[in-house]
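**Student:** I am attaching a structure below and will ask some questions about it afterwards.
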Amino acid sequence: VLMLVRSNIRYRNKLKNEQQDDLFQQMLQTRDKAEIWRLLRRHVREQLAEVLAFTARIYVQMTDGFIHEDLKSLRKAVAATNDEKDLLKKIRRKEILGLRRIDRNVAIEKNTWFHLGSNSSEQMMYCLKRMCEPCKEHVDNNFNPLPESYVKEFLPLRDELTALVLQVQGMIMAGMYEEVGAVMEKGELLKEKFSRLQKLQLTRVQEKDNSLKISLVYLNLLQESQEFVSILRHMLRASRKFQGV
């Protein structure tokens, strides 16, 4: 999974700095509303795909950093997430300009789905921050590491979530939404798996022999991972509706 994440992220900065800026300039230069709409759809599609590639990478980096007590990696994950959050606000303002220049009826129809997709991107960043910062603080204070039994039960779900993110990224990038139903079902099943682990962890928190600090940080990681699946499903639905599929 990590190899897939790295391969998906390699082209990200180049796309961001070159293709998307070029698309935005094209949207500003043309007066053809149909052409602006085509360019805007492409811009939004590529942007959502990039957000998912970034999120998959940071999620793996952050959880690996927590498991292996790699403070440097956790600090980089926090800094990268903050930078991405600021960047998303700038990109959103650009895309709103494009939305205002397309046919009015189309803009009204697509407005809700545009904002749902954009909000989902920002919510992903906040979700990452809510996971990463407690993990960083825990490692920074040299508290007890995550028990091996927790690692073994968490990693399969972590990898399943990461694979799901990359699957959705590929669907959005290609504009192929035929498997939306299957992906939605897969996401619901994954949420249930995280829910079962949460209930198990809540029981552990009440046990005297367990470290309360590490138990609570781990519980937060499970809760936010489950929330992340919900956000991912919202983003997929918004993208499909916005693209008109």
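The values are calculated or read from the model by the stated rules, or taken from the named source; none is laboratory data. A quick note: this is a predicted structure, and the numbers were derived from the prediction, not measured. Every residue, glycine as well, gets a Cβ built from its backbone with ideal geometry; the counts of neighbours run over all protein chains shown. For accessibility, only protein heavy atoms count, side chains too; no ligands or nucleic acids. Shrake-Rupley method; radii C 1.70, N 1.55, O 1.52, S 1.80 Å.
**Student:** Here are the criteria: (1) over 30 Å from Glu69 (Cβ atoms); (2) at pLDDT below 95. Tell me which single one Met235 does not satisfy.
**Tutor:** Going through (1) over 30 Å from Glu69 (Cβ atoms); (2) at pLDDT below 95 one by one, Met235 breaks only (2).
**Student:** Test Glu95 against the stated conditions and say whether it is closer than 29 Å to Arg240 by Cβ, in contact with a Leu (Cβ under 9 Å, 6 or more places away or on another chain), at pLDDT 95 or above and of a type in the set (Asp, Glu).
**Tutor:** The answer is no for Glu95.
**Student:** If a residue must be in a helix (DSSP H, G or I), without any contact (Cβ under 8 Å) to a residue 40 or more places away in the chain and of a type in the set (D, E, K, R), how many such residues does the range 28-53 contain?
**Tutor:** Qualifying residue count for the region: 4.
**Student:** Hey, could you check the range 204-234 for residues that are under 12 Å from the mean Cα position of the chain (by Cα) and among the acidic types (Asp, Glu) and say which is nearest to Trp113 (Cα to Cα)?
**Tutor:** By that ranking, first place goes to Glu227.
**Student:** Still on this structure, please answer the following. Any chance the range 90-111 includes a residue that's within 29 Å of Glu160 (Cα to Cα) and in a helix (DSSP H, G or I)?
**Tutor:** no
**Student:** I've got another one for you. Any chance you could count how many residues in the range 54-92 are crowded, with 24+ Cβ neighbours inside 10 Å and either of a type in the set (Gly, Ala, Ser) or free of Cβ contacts under 8 Å to residues at least 40 places away in the same chain (or both)?
**Tutor:** 2
**Student:** Separate question: For the structure I just gave you, tell me whether Arg237 is part of a helix (DSSP H, G or I), in contact (Cβ under 8 Å) with a residue 40 or more places away in the chain, surrounded by 19 or more Cβ atoms within 10 Å (Cβ to Cβ) and of a type outside the set (A, V, I, L, M, F, W, C).
**Tutor:** Spelling it out, it is not the case that Arg237 is part of a helix (DSSP H, G or I), in contact (Cβ under 8 Å) with a residue 40 or more places away in the chain, surrounded by 19 or more Cβ atoms within 10 Å (Cβ to Cβ) and of a type outside the set (A, V, I, L, M, F, W, C).
**Student:** In this structure, is Thr112 closer than 30 Å to Leu40 by Cα and of a type outside the set (A, V, I, L, M)?
**Tutor:** Yes; evaluated as a whole, the condition is true for this residue.
**Student:** Is the range 117-132 home to any residue that is in contact (Cβ under 8 Å) with a residue 12 or more places away in the chain, more than 14 Å from the chain's Cα centre (by Cα) and open to solvent by less than 30 Å² (accessible area, probe 1.4 Å)?
**Tutor:** No, there is no match, as no residue in the range 117-132 is in contact (Cβ under 8 Å) with a residue 12 or more places away in the chain, more than 14 Å from the chain's Cα centre (by Cα) and open to solvent by less than 30 Å² (accessible area, probe 1.4 Å).
**Student:** Another question, if that's okay. Within the range 155-166, identify whether any single residue is open to solvent by 40 Å² or more (accessible area, probe 1.4 Å), over 19 Å from Glu46 (Cβ atoms) and at pLDDT below 95, and answer yes or no.
**Tutor:** no
**Student:** Just checking, how many residues over the range 133-142 are surrounded by 14 or more Cβ atoms within 10 Å (Cβ to Cβ) and in contact (Cβ under 8 Å) with a residue 60 or more places away in the chain?
**Tutor:** Residues meeting the conditions: 5.
**Student:** Which one of Leu232, Leu189 is over 30 Å from Ile108 (Cβ atoms) and aliphatic (A, V, I, L, M)?
**Tutor:** Criteria check complete, one pass: Leu189.
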